[in-house]
């Protein structure tokens, strides 16, 4: 009788444990390097909200902004090892990973306007690029916009000649290296989390960023001059560990895919207004003088930087660069 009672107790215990296990939410650690009040930070918050809602609590998204868990150079390795499940790194990060084609997004003046960009990221070119991440153990879920970049330094930057000899911080990208060298500057690779201090202490003289990053990281407080050049683009790919993603129940994966699509629409809708608001906040701070290139100056910047596209054909792919330029022509640019 005692044995029967013991077996019954064990079986009830196993059922309770199994039920608790079945109810335990799937945790997605989502790490990124920017502030919560940037387009990427807000989009990550929106994804968390949508993902937890559509899965009825079966998924829990833990957000780690501002390099809380990993810096630029560490986060991709952490994802591949499964230490985090989701990231939204800037597109420049995939070059050092061995997928050099993504560096096409870094090319100066490759996107004359946002409609060309979206035609690329939402069309076959963008989808083909994401597929190239799969052999690296990564699934690409979508592209998040963060807008065109401005230049900043402690001296006015109106013409390419103004860059001569300046130490300019860049992400680790051969294209961005070539871009700064074309301007006569000395490129310096630094993690995003280290840029403010490097600017403050004079380790570097200037940098490039969309206005939202410049403002939320308070870089304008240690940069006297900002030039609205719109010379380059900064965007992100939202990525997930392939093994983790493939191991999810099919209904959960479908629900998360839908949440990501909605979060992506939101991210791309707010990017421009967030950057406009950030630029206005920089202006109001009075700490940086903002300069907008005139048509003649823009033409000179383009003449100086467009050869970088030709220079990078061997690295990125001549056909890929041509296909994006073709999209621009189809929409009436160039």
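The values are calculated or read from the model by the stated rules, or taken from the named source; none is laboratory data. Just so you know, these numbers come straight off a predicted model, no measurement behind them. Here Cβ is always computed from backbone atoms with ideal geometry, including for glycine, and neighbour counts include all displayed protein chains.
I'd like to check something: does region 231-251 contain any residue that is part of a loop (DSSP other than H, G, I, E, B), buried (at least 16 other Cβ atoms within 10 Å of the Cβ) and under 19 Å from the mean Cα position of the chain (by Cα)? Even if it seems obvious, please write down each step before you answer.
If we filter region 231-251 for residues that are part of a loop (DSSP other than H, G, I, E, B), which is where we start, we get 231-232, 247-249.
This time we only want the ones that are buried (at least 16 other Cβ atoms within 10 Å of the Cβ), so: 231-232, 248.
When the remaining residues are screened for being under 19 Å from the mean Cα position of the chain (by Cα), the result is 231-232.
Yes: one or more hits.
For residues that are over 18 Å from the mean Cα position of the chain (by Cα) and within 26 Å of residue 144 (Cα to Cα), scanning just region 188-206, find the one that is surrounded by the most Cβ atoms within 10 Å (Cβ to Cβ). Step through it out loud before you land on a result.
First pass over region 188-206, keeping only residues over 18 Å from the mean Cα position of the chain (by Cα): 188, 196-206.
Pick out the ones that are also within 26 Å of residue 144 (Cα to Cα) and you get 188, 196, 206.
Working: 188: 19, 196: 16, 206: 25.
Top of the filtered list is 206.
Just wondering, is there one or more residues in region 125-133 that are touching a strand residue (DSSP E or B) at 6+ places or on another chain (Cβ under 9 Å) and over 30 Å from residue 302 (Cβ atoms)? Working first, answer last.
Step one: of region 125-133, the residues touching a strand residue (DSSP E or B) at 6+ places or on another chain (Cβ under 9 Å) are 126-127, 129-133.
Filter again for over 30 Å from residue 302 (Cβ atoms), leaving 131, 133.
Looking through region 125-133, at least one residue is touching a strand residue (DSSP E or B) at 6+ places or on another chain (Cβ under 9 Å) and over 30 Å from residue 302 (Cβ atoms).
Scan region 139-161 and give yes if some residue there is more than 19 Å from the chain's Cα centre (by Cα), more than 30 Å from residue 239 (Cβ to Cβ) and without any contact (Cβ under 8 Å) to a residue 24 or more places away in the chain, otherwise no.
The first filter runs over region 139-161 and keeps only residues more than 19 Å from the chain's Cα centre (by Cα), leaving 152-161.
From what's left, more than 30 Å from residue 239 (Cβ to Cβ): 153-161.
If we keep only those that are without any contact (Cβ under 8 Å) to a residue 24 or more places away in the chain too, we end up with 161.
Yes, some residue in region 139-161 is more than 19 Å from the chain's Cα centre (by Cα), more than 30 Å from residue 239 (Cβ to Cβ) and without any contact (Cβ under 8 Å) to a residue 24 or more places away in the chain.
So which residues in region 186-200 are assigned to a loop (DSSP other than H, G, I, E, B) and touching a residue at least 40 places away in the same chain (Cβ under 8 Å), if there are any at all?
Let us first name the residues in region 186-200 that are assigned to a loop (DSSP other than H, G, I, E, B), namely 190-191.
Of everything in region 186-200, just one residue is assigned to a loop (DSSP other than H, G, I, E, B) and touching a residue at least 40 places away in the same chain (Cβ under 8 Å), namely 191.
Of all residues in region 274-295, count the ones that are within 18 Å of residue 232 (Cα to Cα) and either buried (at least 18 other Cβ atoms within 10 Å of the Cβ) or without any contact (Cβ under 8 Å) to a residue 40 or more places away in the chain (or both).
Here is the first cut: in region 274-295, the ones within 18 Å of residue 232 (Cα to Cα) are 274-276, 278-279, 290-295.
Checking the rest, the ones that are also either buried (at least 18 other Cβ atoms within 10 Å of the Cβ) or without any contact (Cβ under 8 Å) to a residue 40 or more places away in the chain (or both) come to 274-275, 278-279, 293-295.
Residues flagged as within 18 Å of residue 232 (Cα to Cα) and either buried (at least 18 other Cβ atoms within 10 Å of the Cβ) or without any contact (Cβ under 8 Å) to a residue 40 or more places away in the chain (or both) within region 274-295 amount to 7.
Suppose we keep only residues that are outside any helix (DSSP H, G or I) and in contact with a helix residue (DSSP H, G or I) (Cβ under 7 Å, 6 or more places away or on another chain) within region 301-327. Which one would you say is surrounded by the fewest Cβ atoms within 10 Å (Cβ to Cβ)? It would help to see each step written out before you state the result.
Step one: list which residues in region 301-327 are outside any helix (DSSP H, G or I), which gives 306, 312, 317.
After this cut, where a residue has to be in contact with a helix residue (DSSP H, G or I) (Cβ under 7 Å, 6 or more places away or on another chain) as well, the list is 312, 317.
Values: 312: 21, 317: 15.
Here the answer is 317.
Give region 201-230 a look and list any residue that's within 28 Å of residue 99 (Cβ to Cβ) and not in a helix (DSSP H, G or I), or say none.
Once the filter is applied, which keeps residues that are within 28 Å of residue 99 (Cβ to Cβ) and not in a helix (DSSP H, G or I), region 201-230 yields 204, 207, 208, 209, 210, 217, 229, 230.
Of the residues that make up region 207-216, is at least one within 24 Å of residue 47 (Cα to Cα) and surrounded by fewer than 18 Cβ atoms within 10 Å (Cβ to Cβ)?
Looking through region 207-216, none of the residues is within 24 Å of residue 47 (Cα to Cα) and surrounded by fewer than 18 Cβ atoms within 10 Å (Cβ to Cβ).
Would you confirm, using the coordinates I've provided, whether residue 90 is at pLDDT 85 or above and at positive phi?
Numbers: at pLDDT 85 or above: yes; at positive phi: no.
When the stated conditions are applied, residue 90 does not pass them.
Any residue that is outside any helix (DSSP H, G or I) and at negative phi - is there at least one of those in region 255-269?
Let us first name the residues in region 255-269 that are outside any helix (DSSP H, G or I), namely none.
No.
Go through region 104-123 and give me each residue that's surrounded by fewer than 17 Cβ atoms within 10 Å (Cβ to Cβ) and under 15 Å from residue 320 (Cα atoms).
Hit for region 104-123 is 123, nothing else.
So is residue 255 touching a helix residue (DSSP H, G or I) at 6+ places or on another chain (Cβ under 7 Å) and farther than 27 Å from residue 44 by Cβ or not? Show your work before the answer.
Working: touching a helix residue (DSSP H, G or I) at 6+ places or on another chain (Cβ under 7 Å): yes; farther than 27 Å from residue 44 by Cβ: no.
Here the answer is no, as residue 255 does not meet what is asked.
Quick check on this structure: which one of 27, 84, 59, 99 is exposed (fewer than 13 other Cβ atoms within 10 Å of the Cβ), modelled with pLDDT of 95 or more and closer than 21 Å to residue 243 by Cβ?
Values: 84 fails: exposed (fewer than 13 other Cβ atoms within 10 Å of the Cβ); 59 fails: exposed (fewer than 13 other Cβ atoms within 10 Å of the Cβ); 99 fails: exposed (fewer than 13 other Cβ atoms within 10 Å of the Cβ).
Step by step, each of 27, 84, 59, 99 is checked, and only 27 is exposed (fewer than 13 other Cβ atoms within 10 Å of the Cβ), modelled with pLDDT of 95 or more and closer than 21 Å to residue 243 by Cβ.
Only one of (1) modelled with pLDDT of 95 or more; (2) more than 30 Å from residue 56 (Cα to Cα) fails for residue 272. Which number is that?
(1)
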